[in-house]
Amino acid sequence: MRPAVRSFALPAAALVAVAGFASACGSAGTSNDTADSGSSGSSGTSGSPAPAAAQQVTIKLAKGHLVDGAGRTLYLWVADTGSASTCNGACAGVWPPVTSPAAAGSGVLASALGTSSRSDGSTQVTYDGHPLYYFEGDSTPGAAVGQGSDSFGAKWWEVTAAGAAITSTAPKHAAGSSSTPTKAASDAATPTSTHTAKPSHPSTHAPTKAPTKAPSKAPSTPVPPPTSAPPGGGYGY
């Protein structure tokens, strides 16, 4: 025979207190979760780095040929038959490409400016479809020591505002350049004659004296002969 189970009924006031406690606990948990979530999101947004400012190179004209914003001479390479560069490795060490995600023009054709992708993933500036390069031997702005070079098997030329190659073979040098001077400059510095005028030497011979002319003597006056007439009148007696 099962024992009788007694049921206890809680007062209404106790039930209300229990319900209030459970509601308070749930509200507190929700509030904490919401605060943590908001704080974490704000921190992540404020800590993200700002995007890097895009750099761009300026292409301008100086004395009839292209230079960059600092005045460094720019070249094209005849071996590049398209806008994609074929100068890589050791070639790019001697002829550094002009790399920039964008290019601006000053006094040049804006429509001629462009870019192309290199094999290493960088972006190279082009002008009229020619990839542009520097030359490591140009130690000062305005120098153009690389003009007319045929290193790595093809010619390197300066570029006009129209995008054409300047095929002058005489390299230009900037003031203060350590490059070997051209033959013309060397010739200009060399005096035209190595001979100097010899000073006239005085003669070691005594000057010839004009012969002294003896003064002419006046003719002597002839003395008349003595008179031979005898004394006494000359009668003889």
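Derivation of every value follows stated rules applied to the coordinates shown; laboratory data play no part. Here the structure is a predicted model, which is why all the values come from computation and not from measurement. A quick note on method: Cβ atoms are made from the backbone with ideal geometry, for glycine too, and the neighbour counts reach across all protein chains shown.
In this rough spin-label picture, where each label sits 7 Å from Cα along the Cβ direction, the GLN55-SER151 distance is 2.2 nm.
Once both labels are positioned 7 Å from their Cα atoms along Cα-to-Cβ, the gap between THR140 and ALA110 label points is 3.5 nm. Could you work out the Kirkwood radius for the range 80-147, taking every pair of different alpha carbons, averaging 1/r and inverting it, reported in Å? Here the Kirkwood hydrodynamic radius works out to 12.6 Å. Spin-label pair ALA164-ALA90: with each label point 7 Å from Cα along the Cα-Cβ axis, the two points sit 3.5 nm from one another.
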